[in-house]
Every structure is written in C-alpha cells, then in structure tokens.
Amino acid sequence: MRVDDHAHVFTFKTFLTRAAEADLKVRLMAWHLSEAAANDAVRLAKAVLLGENADVRLAAFAATWGLGGSPILEFLRRGCLPDIGAVTDALMADTATAAEEADAAAVLLMMDVVDQDSTPEELALYETQFTQTADQAERYPGRALPFVMINPLRGNAALDYLRRGLDEGRCVGVKLYPSLGYTVTDPMIPKILRACQDAAAPIIMHCNDAGFCGPGYDCTYCSPMDWQDAVADYDVRFDFAHFGDHTKGNAASDTHPSWRDFITTLMDRFPDRVYADVSYQSGPLGTPEEREAYVAWLKGQLANEKRGKNILFGTDSFLIFLATTARNYWDFFKTALGDDFNRIAVENPARFLGLPAAGTAPDPNTALGRHVAYLRERKNAPDSRFGQGSAPAGWLAGLL
Ligand SMILES: [Zn+2]
C-alpha cells in the first residue's frame, strides 16, 4: 500500500480563524501572489463562506489576476468545498491515480490555528474539523488515516482531543505545529509525548521556516535542535515534516548544520524513531539544477543504511497546489527514485505508522489497535458511513 504521509483535508469553513487568515495571506504571498491578489483570495474564501458561488468567484479571480490554469485555483477550490468529505474524495482520487493502485492511503493532518485572542466561535471551528476528519477514516477504512492536532494555545481543552483522538481510536497519530506559537518547553508537551509513548502513536511535527507562520509567530519554535532532547526522552516515532528543508540552524553561521542536515544526525542517533518526510520542500519545486541536486542528495540518504529506512513520502496536498499539482509532486519522486520509490512510499510508512504485517493484528492497547476497534464498532453502527468512500484497505483484511 503506497501512502501519502502528509496531507490535509480541512475546509476554510472549519479552519479560517482570524489567525489562520493572517497566515494564509502570508503563505499566498510567499509563492505567487502580490499582496493585492492575496487579499482578493482571502476575500474570495470569505465570500464563499457567506454563500457566494465558488465557481463564479474563482473564474473572476483567475481573470483578474491572470491565473488561468494555475494550481492555486485548485487550492482555493478545495478549501471552498462544502465539507471535509468532498476534500477527502478529491485527495483519495488523486492518491489512487498517482499511486497507480486502488489500495493507496493518505495521512490526514488536522489544523487548529488559534491563539489567546481567538473568540469562542473561532475555537469551535476545530470541533467540526475534528469530527468531519474522523468521519473520513470510517468512509475510507484503513486508507484515510487521521492525525489529531493538539495545540497547547487552546489550553487544557486541547487535551480532550488527545483523549478522543488516541484513547477512543478515531486517530492513529498526533500532529504538532510549534511555529503557531508554542515552544518545546510548554508544560503541555510532556503530557502529549507521554500519551503518544503510552499509545505507541507516531508524531508528525511541522519543521521548516515556512508554512503557517504569520505575524507574531516564530518559526524557530519547530527547530529540530530545540526538540532533540524531547525526542531523546520519549520512546516515540517522530517525523520532522518537510525534512526541515534548507532552514538555517544558525542564521549567523553558514558552517552550522541546516535543519535538514541536523535531522539526518538525529536519524543516526535514533534510527528506530526519527523520521522525516519529503512533502513540500524547495528542492523538488526548484529550478532544474536545484531538482537535480536534490535527487542526488536524496539518493545519498537512501543509500545510508539507517537513514534510508526513515524517509517518508508525502505531498502536503492540498497546500501543495500553492506551488504545483499533487500529481506532479508524486511523479517527481516516482521518476527520480524508480524502484526505490516504494521504500519511501510503502515500506517506511508502514513502519512509521505501525501497520501490522499481513495476517497479524495490532496490539489492542495501541492507538492503531484502538483505531481498528473503532472501525469495527462503526462498521456495525446504525448511522454507519463505513466504506462509503472505498472498500477497507488490504491491511485490515480479517481484522474487522
Ligand atoms: Zn502540511
């Protein structure tokens, strides 16, 4: 089973707090859009939330800014879809096509962008996102794999999502996003890491100097240097997303390792636990020379006995549409790696996610074991949506 280890299915309706809006604008400007065009994109999203027709607004937006045919239109279109089920259908269709197998899977990473100033209405958006995303696991059993975002800026209420996500089996892992405004020293971090250790649940942490990082935030909060002790102290599988990219480890020194290089040294220290994913990096999206240099570097890492087992394929769909299509991103890695592609898309993700070998059941006391029990229960529920998106994944055969 080929896996996209890094994808998102939120809608603007379940995501667009004021804090997220500021981030989104920065993000739009970082790639293709002028400030005026970014403002217009945010206006478009809000108008659709108030009931305007998305297709009409998108056509006008494309004409105004000369963006006909740009993948950014697909980014905005997916964000404007009425519910997370529709975004997931688009993602799973892309994934099966690009993976060239019906049994492909995707990790669904939730996004909870709130801060101390968020209103009760804004805080409530994530509840809808959490519920709708968890529903996708039921619609695509074993193929849509939700990771619950725990945002300490929400206060102790965030811990309830840990309980409903991991203890009750709706999710198979946890997503962290420190650059939203918290550091590794936040008192909630040990609780999250302990819960993940106890449930054998993997963590995916945003790790580059871009992403959602708007006014007042500090991207260095997700520095792998800062997180190395936490990784050492807890027996948790930890994916540094975007492989840290070329983010400088020390702005004042070119000889200091980049985040990417520092992560590879962590893989050498903790080969069973430290992973990195290749989603949304600058190399694969760069010039022909940058792409060539990236492929040479990636092949070098895959040739390394330890590091080669810890690299995960991911796209960052549908955010990747800010730069290119998800299909193009898959094709880049399939072409560059040939037969080795299945190492990052099949073998390594199975280890990271803790998927059981064929014919065996996961430990019932793990997040994955509880997820299987949750799917079994939902399969027989009167209001079940079980399998409405696709048949259960092959790894669930005999477990439900
Ligand atoms: Zn992402």
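No lab work stands behind these numbers, since they all come straight from the coordinates. Bear in mind the structure is a predicted one, so any value in this text is a computation, not a measurement. Here the Cβ is made from the backbone with ideal geometry for all residues, glycine too, and neighbour counts use every protein chain on show.
Data for the structure
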| read-out | value |
| --- | --- |
| Cβ-Cβ FRET estimate between S253 and D226, R0 fixed at 22 Å, reported to 0.05 | 0.85 |
| Likely footprinting exposure, E122, E138, fewest C-beta neighbours within 10 Å first | E122, E138 |
| 16 Å cut-off, amide nitrogen to a point 7 angstrom out along N342 Cα→Cβ, residues in region 305-329 | 313 |
| Quotient of Cα Rg and 2.2 N^0.38 Å for the chain, N being how many residues it contains | 0.92 |
| Inter-centroid distance (Cα atoms) of region 336-369 relative to region 202-255, Å | 24 Å |
| Between region 121-137 and region 263-302, the alpha-carbon center distance in angstrom | 32 Å |
| For the chain, built as a Gaussian network whose Cα springs stay under 10 Å, the top-fluctuating residue of I204, I320, I189 | I189 |
| Nonlocal amide H pairs with S317, under 5 Å, H built at 1.01 Å | H8 |
| Inter-label distance for A62 and D198, nm, one decimal - labels placed 7 Å from Cα along Cα-to-Cβ | 5.1 nm |
| Extension gain from D261 to A293, taking 0.36 nm per residue of separation minus the Cα-Cα distance | 10.1 nm |
| In region 85-159, the trypsin sites (Lys or Arg not before Pro) that fall in loop regions by DSSP, at most 16 other Cβ within 10 Å | none |
| Label-point gap, in nm, between A391 and A86 - each point 7 angstrom along Cα→Cβ | 2.9 nm |
| Ranking of W395, W297 by count of other Cβ atoms within 10 Å, fewest first | W297, W395 |
| Fluctuation leader among R273, R163, R307 - the chain, Gaussian network, Cα springs under 10 angstrom | R163 |
| Given K191/K334; K191/K309; K25/K299, the pairs whose alpha carbons are separated by over 32 Å | K191/K334; K25/K299 |
| Per residue, the convex hull volume that the Cα atoms of region 18-76 enclose (Å³) | 73 Å³ |
| Added length on full extension, which subtracts the Cα-Cα distance from 0.36 nm per residue, E168 to D383 | 75.6 nm |
| For region 293-308, Karplus couplings with θ = phi - 60° (6.51, -1.76, 1.60), whole Hz, Gly/Pro x | 4, 5, 4, 4, 5, 5, 4, x, 5, 5, 6, 7, 4, 7, 4, x |
| D268 versus D331: modelled label distance in nm, points set 7 Å from Cα along the beta carbon direction | 3.7 nm |
| Added length on full extension, which subtracts the Cα-Cα distance from 0.36 nm per residue, L159 to H246 | 28.0 nm |
| Residues with amide H under 5 Å from that of D4, placed H, sequence gap 5 or more | A105, A106, V107 |
